[in-house]
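Chemist: Starting off with a structure, shown below.
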Amino acid sequence: MLQRELSRMNRITQLQDETQQLLTIMASSIVYLTSRTDFVQVSADIPITKQRNPDKYDSTEIFQENNKELATDLIVKAKQVEYLVKSLPQTEPKEDQDERLLVLDAEMTVVNDEYIQAVARSKVLQVQITDVLKLLLQEPDPGLEEICR
């Protein structure tokens, strides 16, 4: 069950990474498309009021090639995301989830009881060790007194 959960989390992490890359490609594409093209009149009623320097935009041929490359990159990344989404495991039926949660709850109760017992045992041991140390430090050792003289 743990291996299945780890596999699911790994796929979700991959999906998250691929989605982030897809969004990065989209953002970069928008930046390129808006910054490396010249203004073009799209309607006779709306005149062009601004011009860019020729060194600030790509020629039509280069722009079209880059546009196709950006579209290809977007499509490839979108297909990778789609594949990862399809490879995600199906959600368990609610009854199975409820049963699994009950089992986990029972295991957690047992482990919690063991933890409480271990903490209690450690407190008892701490008291015993403290008592032994006090006893050792309170009783003078005759051998030590002779050595100190």
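Chemist: Among the residues that make up segment 88-96, is at least one of them touching a residue at least 40 places away in the same chain (Cβ under 8 Å), outside any helix (DSSP H, G or I) and closer than 29 Å to Gln16 by Cα?
Modeler: Pass one, segment 88-96, residues touching a residue at least 40 places away in the same chain (Cβ under 8 Å): 88-89.
Now narrow it down to the ones that are outside any helix (DSSP H, G or I): 88-89.
Then keep just the ones that are closer than 29 Å to Gln16 by Cα; that gives 88-89.
Yes, there is a match, as at least one residue in segment 88-96 is touching a residue at least 40 places away in the same chain (Cβ under 8 Å), outside any helix (DSSP H, G or I) and closer than 29 Å to Gln16 by Cα.
Chemist: Out of Ala120, Ala78, Ala106, I need the residue that is modelled with pLDDT of 95 or more, among the small types (Gly, Ala, Ser) and more than 27 Å from Ser7 (Cα to Cα). Which one? Steps first, please.
Modeler: Values: Ala78 fails: more than 27 Å from Ser7 (Cα to Cα); Ala106 fails: more than 27 Å from Ser7 (Cα to Cα).
Result of the check over Ala120, Ala78, Ala106: Ala120.
Chemist: Continuing with this model, one more query. Among the residues of segment 69-83, are any surrounded by 12 or more Cβ atoms within 10 Å (Cβ to Cβ), of a type in the set (S, T, N, Q) and assigned to a helix (DSSP H, G or I)?
Modeler: The answer is yes; a qualifying residue exists.
Chemist: For segment 36-57, name all the residues that are exposed (fewer than 11 other Cβ atoms within 10 Å of the Cβ), under 30 Å from Ala78 (Cβ atoms) and at pLDDT 80 or above. Show your work before the answer.
Modeler: Here is the first cut: in segment 36-57, the residues exposed (fewer than 11 other Cβ atoms within 10 Å of the Cβ) are 40-51, 53-55.
With under 30 Å from Ala78 (Cβ atoms) added as a condition, the list becomes 40, 42.
Residue satisfying the conditions is Val42 alone.
The values are calculated or read from the model by the stated rules, or taken from the named source; none is laboratory data. This is a predicted model, so every value here is computed, not measured. As a convention, Cβ positions derive from the backbone with ideal geometry for all residues, glycine included, and neighbour counts pool all protein chains shown.
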